[in-house]
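In what follows, a structure is listed as structure tokens, so that the remarks can point back to it.
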Amino acid sequence: MCISCCSNWQKICDICINSKQKRMVSVKTLGQFIIEKQADFPFSKGELSRLLRDIGIASKIVNREVNKAGIADILGGAGEINIQGENVQKLDVFANEQFIAALSAGGECCAIASEENEDIIHIKNEMSRNARYVVAIDPLDGSSNIDVNVSIGTIFSIYRRKSQNGPGTNEDFYQRGTEQVAAGYVIYGSSCMLVYTTGKGVNGFTLDPSIGEFCLSHPNLQTPKMAKTYSINEGNYMRFPDGVKKYIKYCQEEDSSTDRPYSSRYIGSGVADIHRNLITGGIYMYPTTSKSPKGKLRLLYEANPLAFIIEQAGGKATDGFNRIMELDMKELHQRTPLFIGSADMVDMAGEYMKKHSAVEKIAKA
């Protein structure tokens, strides 16, 4: 029915039919978009494109299970502790299995590094022996929020392997973030959305459940250079470095010339917080604490891919002092602090970190 533009609301007018046809023509699926963009990689033989499609397929399966988790007995803990010392949720296990299965079946990568596995996973089929890529993945970021129905997500990063033919090695993953060929995340929220970059900008695709396809909904995403939102778990305030405490106080001060105070927005699922700030602007901070002096987020499959995305959208990502993607990889599950988001806000947070770090050193001396 058409009510708003038809005098006879029982009939669909020509305007509405034409409008609907135009919308249908303009829809571009993830698969179509990847094929079109394959020209950006003249030396590629299609493996990267297929790899991205494999990830898209697995994420649809995970999204389906997330949406029916409450009625499918897949909520709650699995009764296990992972390599990170965290309680494993049933959906953690399910998501990990789905992405490993999809990436193994495709044959485009030779090894996978997952948050849920202590060692790398070797893909044991003939096709993968000559595969040119490795994939690092956090299958279900924010899984502590599963039982309370808060948005969660998947984060992934793709590198060209350094080793020759045969099984992948740890050294294939010990690369700086600057060596990533693609990275992205999937957010399972009010809608399911996949955001990715191959170093040629950032594009977002929303899953249309009526056709079962990711459709281009957010082309060429750019994050604002400055905003009025900061995201941090202020419950850990007393454990933060002085530089972080001072920056938080700056954000909370009233000052009309800089439109302060800023708003505090913290969901507790990294993908959800960073996705919001990517769209609307803001800074997300996960600093070191006295309890976690090396930071808590993992460099390989959390900080590096998110940094790649944000930088491609015009933002910045640091550990408070240095660019995230230039940090050396020394351990598979290496941890790092993270300051990420709108460029001007990350720069200012870095200034506070450097200033008060110097003061702390002088005081200790």
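Give 200/225; 90/124; 200/354; 68/225; 249/316 a once-over and call out the pairs whose C-alpha atoms are over 28 Å from each other. Those over the limit are 200/354; 68/225.
Note on residue 323/residue 26: beta-carbon distance plugged into 1/(1 + (r/R0)^6) with R0 of 51 Å gives a FRET efficiency of 0.85. Evaluating 6.51 cos²θ - 1.76 cosθ + 1.60 at θ = phi - 60° for every residue in segment 274-287, the Karplus couplings come out as 6, 5, 4, 5, 4, 6, 9, x, x, 10, 10, 10, 10, x Hz, glycine and proline recorded as x. For residue 114, the residues 5 or more places off, or on other chains, whose built amide H falls under 5 Å of its own are 121, 137. Note that segment 186-196 has calculated 3J(HN,Hα) couplings of 10, 10, 9, x, 4, 9, 9, 9, 10, 10, 8 Hz, one per residue in order, obtained from phi through the Karplus relation 6.51 cos²θ - 1.76 cosθ + 1.60 (θ = phi - 60°); glycine and proline are x.
Each peptide in 93-101, 183-191, 334-342 receives the mean, over its residues, of other Cβ atoms within 10 Å, and ordering these scores from highest gives 334-342, 183-191, 93-101.
Here the Kirkwood formula puts the hydrodynamic radius of segment 229-364 at 15.0 Å, using every distinct Cα pair. Taking amide H atoms as placed 1.01 Å from N in the peptide plane, the amide H of residue 295 lies under 5 Å from those of 289, each 5 or more residues away in sequence or on another chain. Between residue 182 and 158, the built amide H atoms are under 5 Å apart, and every one of these is 5 or more places off in sequence or on another chain.
Values in this text are rule-based calculations from the coordinates and carry no lab data. Source: prediction; values computed, not measured. Glycine gets a Cβ as well: all are built from the backbone with ideal geometry, and neighbour counts include every protein chain shown.
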